[in-house]
Amino acid sequence: MTEQGYVRPDNLAGALDALADAPEGTRVLAGGTDLMVHLRAGKRFPRLVNVARVSELQALRVWGGALEVGAGVTVARLLRDAEVRRHAALLWQAADRFASPLVRSRATVGGNLVNASPAADLTLALLALDARVELVSRAGGVRSLGVDELVLGPGKTALGAGELVRTVRVPLAKPTAFHHFEKSGPRPALEISVAAVAVALRIEDGRVVEPRIACGAVAPVPLRVVPAEQVLAGRELTPALIEEAALAAAKVVRPIDDVRATALYRRRLVAAFVRRSLTAALDSQRVSHATGS
Amino acid sequence: MTLIGARIPKLDGPGKATGETRYLSDLEVPGMLHGVIRRSDRVHARIVSVDVSKALEVSGVHAVLTARDIVNVPFGHGKDNTPLKGDRVRCIRDEIAAVAAETESAAAEACRAIRVEYEDLPPVFTVEDALKPGAPEIHAGRAGNLPFTYDYAHGDVAQGEADSAHVVEGEFVLQFMTHCCMGTSAILAAFDSEGRLTLTSLTQVPFLYRRDMAAIVGMSPEDIRVIQPPIGGAFGSKLDIYPFEPIAVHLARATRRPVRIVFSRHEEFVSSPTRQPMRVRLRSGCDGKGRLTFRDAQLWLDNGGYTSWGATTPFVMMQTFSSLYRVPHARFHTKVAYTNNPYSGSFRGYGNLQATFAVESQLDLLAEKVGVDPLELRLMNSQETGEKTGQGLEFVSCGLRDCLESAAEMSGWRAKRASPALKGNVRRGVGMASMLHVGGGAKIYRSDGCGSVVSIDDFGKVTLVTGSTDIGQGSETVLAQMVAEVLGVAMDRVKVINSDTDVKPWDVGVHASRTSYVAGNSALLAANEAKAKLLTAAADLYELPKGELSLSGGFIMRGAEKVDALDKLVRTLHFTGKGELLVTHSYFEPASVKQDAGFFGNVSPTYAFGTHAVEVEVELDTGQVRVLAVSAAHDVGKVLNAMSLEGQIEGGVVMGLGYSLTEELKIREGKVLNPSFRDYHLLTAPEVPPIHFKAIETEDPSGPFGAKGVGEAPAICVAAAVANAVHHATGVRFTELPLTPERVLNGLIAAGVVRDPLA
């Protein structure tokens, strides 16, 4: 990184200006928890745009029927926020399993999305929650993408030249919603997922409505397992159905062997985690029946 | 006694906690250059050419050295390593060239600019392949790739077999593990104008280091001064000389500047020594009641491309096979074979984690065959004080039985053992294992001694100059305690000097759990002599009977009456008559022997024992093992410092848990696949379970205040206890470490304990 390659704008307009005429390969620096690792490993970028002072990226509020999360909001802030816990429990659970307290206090929602890791915990939750990501640029104004439209491959996104993630809008959870996040790892902290599963669904009149199941670290991108969702949609949750959905999910993921685990183990984890998540949903239903709520 | 057994914070604690301590990586001296090493890209190849011309063009570069530029002296236990490699590389660590430059980044850039042309040679990655007839010869003239074998036996194994009602046999596979010192490997080499060399070095063996380094760089040992700065962890990793150290000397010589080399974390993972990996085949037998009859062990050790101390771990392992519990007949055969993998060094426990894993796993198997509780089988076979083992180890104090019973009691053994808990997807179990290790050094050289000098200055400040080395284990604090105790002064009146070979007397080094015992006894001798000198002087001066005088609170006392202040008495000695200094010195040589060619003999003056009981939880659908509690009982002889002892125990247990559950340096085809903390999984604070500890005080007759060494002990039997607990929880016996979730789930599925979730 050269001296002239580092800018720290004070507001969104300044950030968009800095990005508008930026050379190819320019990166936005927020918490730096991924980028600094690259820098330490010797990787160089022609320009870094530090958005730490851009207050327009710090929104965290319920607005227009959605939870609006600014790209610069840290994972630690998500965890402290009661609205997040209430309206997007899945995002909160993912944040709770995210890296370590030190990293959580720096890492941001926007950074987790744009880093486009197949194992990104928040991205996985946002995918299952059907969140919309708002991109802004000086030239093109505002556009909105689904998580699966934004994240295209490991480290690869649909961000255009000069574009910046401004906010993420997460639909508010309905009272009938059930959210569950499962992640592997011997360590509660600092674990890069071997596999992770995020489940969001509703149970209405005893039937599963709009199930969304996202699996992490088992494909080049956080992956929705649509066949498993189809197994569940409109049906009553039973142990047999759970089994069917778990196997469908394990079948559709495309994991690889790497230094952390084999593809076979990752597939087994997907089955186990989908089973655990849906069993928890079944149990929560029983509890709500029992309490008459 | 007032200080012995007390909870006394480590003397180096505040500096380290506040960041005041300066480590070698913080140290810069005027004119210093940075050294960086260009290592091999291949695991086994002939070096066709090395072109350094582009490296020399990099701005700020002062020297670029290859094997052609230095006298390349073979060194190491096998005399098979050299500082730089000229004609051939044999493993991924191999040093081909080195650069000294004004900045580290210039040196690194120059290293990258060096062009090396290779011609690949057929590689060998397993001991099995290395020992096959016609295997590629990794070192010319070392036929069969077999630099070392070790054979030991006592009794008659055939007789032991005949006496057995039950025999178990199995194979155990142990992984590469690395030390993960918080401070990476480093050295600063500086010549003065008279050609004397000062090495600021992290070595654990400063005096042997001078001798060995002198031979490698062509100097006289007396011209080398070793300064030992505060260190960010060693755990055995600094027991040997590694190529980067003489390379720094060669760079300093070539540039006439001080040169410092500090490893990057990546380099530390790839190029610092590891725990010795191995395959162990063991047969154990017992009679119908459970009394052990024999052990028969065969081991295959991967020596890697060169020989470091890892190759000598059989020396320690055979003690466990021969003498952990009463073993009437034992046999041990080991082959150490060259491969193109990285090579191993010394690591806390020195082979004993591996040996104990095999021995203690099979004790549980035998207990199952006999139908007795594993605790009962162990109690039945444990030795008592005064016993001598088949290998000639003399247990002048032995608390093994107490350790077993205490660990069982702390863990709630009997109740938990009776019924392994079952809770849906989670099963719980408890397991135990014990250990035996040297507790007062090991006489592997002609001397296992240590020198000390105690002086008291005219203001009453006491200085202990000890030959011993503190690598963070807390010896400085414990030695100061002992001296303060004898001289009746407060801890803050004692200063310990232990870091400069120009000042301190001879010591073998810090290894073999020897420092508290050997350096402690040595310091005690000198302190007691100083005490005698003080009391004699006071008796003469005040015409009092010496036998009635004592030292306490900084005074010479007669009963409760103060005779004189310590500092005043020393001043009187200095300034009266012909004058006298209050300086004493001592040399302590432990009553151990160098073993004979058959490895018989009492290699240590005393031995450490311990038992761990571990409770685990196993998740059936993921294979995840969680340790819920560790109950550790250790025969420490005598508690010297309760706080630092707990620190040693807890640190050792955590290291053992990492070995059991998560830590493996993954080597494939000679290359390191996980050279970072991201993919090499140390346990972190949240996963450390409650550790219950009980010190068993057997008051060793030869130990300082009755103490014995315990530095390595707490890491040794963790893995076996964890594996035994996992077996209790699931019924599945794991013989390969670490117990990663994937390995455990595969084992549970293969044993039919759980259904394949994909089936």
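Brief remarks on what is shown
- Boolean, A:S193 is in contact with a Pro (Cβ under 8 Å, 6 or more places away or on another chain), buried (at least 24 other Cβ atoms within 10 Å of the Cβ) and within 14 Å of chain B (Cβ to nearest Cβ): no
- The condition of being more than 8 Å from chain B (Cβ to nearest Cβ), part of a helix (DSSP H, G or I) and surrounded by 15 or more Cβ atoms within 10 Å (Cβ to Cβ) holds for only one of A:L278, A:L247, that being A:L278.
- Out of B:I70, B:I92, B:I96, sole residue that is touching a Pro at 6+ places or on another chain (Cβ under 8 Å), among the β-branched types (V, I, T), under 23 Å from B:S264 (Cα atoms) and assigned by TED's automatic domain parsing to the domain that holds B:P243: B:I92
- Here B:Y607 qualifies as modelled with pLDDT of 95 or more, among the aromatic types (F, W, Y), more than 22 Å from B:V430 (Cβ to Cβ) and crowded, with 24+ Cβ neighbours inside 10 Å.
- Which numbered condition B:R260 fails, given (1) charged (D, E, K, R); (2) touching a Lys or Arg at 6+ places or on another chain (Cβ under 9 Å); (3) assigned to a strand (DSSP E or B); (4) farther than 26 Å from B:L11 by Cβ: (2)
- In the range B:649-690, residue modelled with the lowest pLDDT [restricted to those that are assigned to a helix (DSSP H, G or I), within 8 Å of chain A (Cβ to nearest Cβ) and in contact with a strand residue (DSSP E or B) (Cβ under 8 Å, 6 or more places away or on another chain)]: B:E687
- In the condition set (1) free of Cβ contacts under 8 Å to residues at least 24 places away in the same chain; (2) of a type in the set (D, E, K, R); (3) over 20 Å from A:L135 (Cα atoms); (4) loosely packed, with under 15 Cβ neighbours inside 10 Å, A:R61 is compliant with all but (3).
- Filter pass, B:D240 being in contact with a helix residue (DSSP H, G or I) (Cβ under 7 Å, 6 or more places away or on another chain), assigned to a loop (DSSP other than H, G, I, E, B) and surrounded by 24 or more Cβ atoms within 10 Å (Cβ to Cβ): yes
- Scanning the range B:733-745 for residues that are more than 8 Å from chain A (Cβ to nearest Cβ), in contact (Cβ under 8 Å) with a residue 24 or more places away in the chain and not acidic (D, E) yields B:R733, B:T735, B:L737, B:P738, B:L739, B:R743, B:V744.
- The residue pairs whose first member lies in the range B:273-291 and is touching a residue at least 24 places away in the same chain (Cβ under 8 Å), whose second member is part of a strand (DSSP E or B) and β-branched (V, I, T), and whose beta carbons are closer than 7 Å, counting only pairs six or more residues apart or on different chains, are B:T274/B:T178; B:R279/B:V173; B:R283/B:V167; B:S284/B:V168; B:G285/B:V167; B:G285/B:T293; B:C286/B:T293; B:D287/B:T293.
- For the range A:208-228, the criterion of being over 17 Å from the mean Cα position of the chain (by Cα), surrounded by 24 or more Cβ atoms within 10 Å (Cβ to Cβ), within 13 Å of another protein chain (Cβ to nearest Cβ) and not in a loop (DSSP other than H, G, I, E, B) is met by none of the residues.
- In the condition set (1) in contact (Cβ under 8 Å) with a residue 12 or more places away in the chain; (2) of a type outside the set (K, R); (3) over 25 Å from A:K156 (Cβ atoms), A:A217 is compliant with all but (3).
- Any hit, the range A:97-108, residues being touching a residue at least 40 places away in the same chain (Cβ under 8 Å), within 14 Å of chain B (Cβ to nearest Cβ) and either among the charged types (D, E, K, R) or assigned to a strand (DSSP E or B) (or both): yes
- Identity of the residue in the range B:599-641, within 14 Å of chain A (Cβ to nearest Cβ) and among the polar types (S, T, N, Q), that ends up nearest to the chain's Cα centre (by Cα): B:Q624
- Selected residue (only one of B:L573, B:L581 is in a helix (DSSP H, G or I) and either of a type in the set (A, V, I, L, M, F, W, C) or within 14 Å of chain A (Cβ to nearest Cβ) (or both)): B:L573
- Lone qualifier among A:G111, A:G42 - being of a type in the set (G, A, S) and surrounded by 16 or more Cβ atoms within 10 Å (Cβ to Cβ): A:G111
- Remark: A:R266 falls outside the filter, which requires a residue to be within 24 Å of A:P175 (Cα to Cα), within 14 Å of chain B (Cβ to nearest Cβ) and of a type in the set (K, R).
- Within the range B:699-722, tally of residues that are in contact with a Lys or Arg (Cβ under 9 Å, 6 or more places away or on another chain) and surrounded by fewer than 24 Cβ atoms within 10 Å (Cβ to Cβ): 4
- Against the test of being surrounded by 24 or more Cβ atoms within 10 Å (Cβ to Cβ) and of a type in the set (A, V, I, L, M, F, W, C), the options B:A725, B:A750 yield a single qualifying residue, B:A725.
- Subset of the range A:77-96 [under 23 Å from A:I192 (Cβ atoms), away from every other protein chain (no Cβ under 14 Å) and surrounded by fewer than 19 Cβ atoms within 10 Å (Cβ to Cβ)]: A:L79
- Scan the range B:610-620 for residues that are over 19 Å from B:E409 (Cα atoms) and surrounded by 24 or more Cβ atoms within 10 Å (Cβ to Cβ) and the total you get is 1.
The values are calculated or read from the model by the stated rules, or taken from the named source; none is laboratory data. All values derive from a computational prediction rather than experimental measurement. Backbone-built Cβ (ideal geometry, glycine too); neighbour counts: all protein chains shown.
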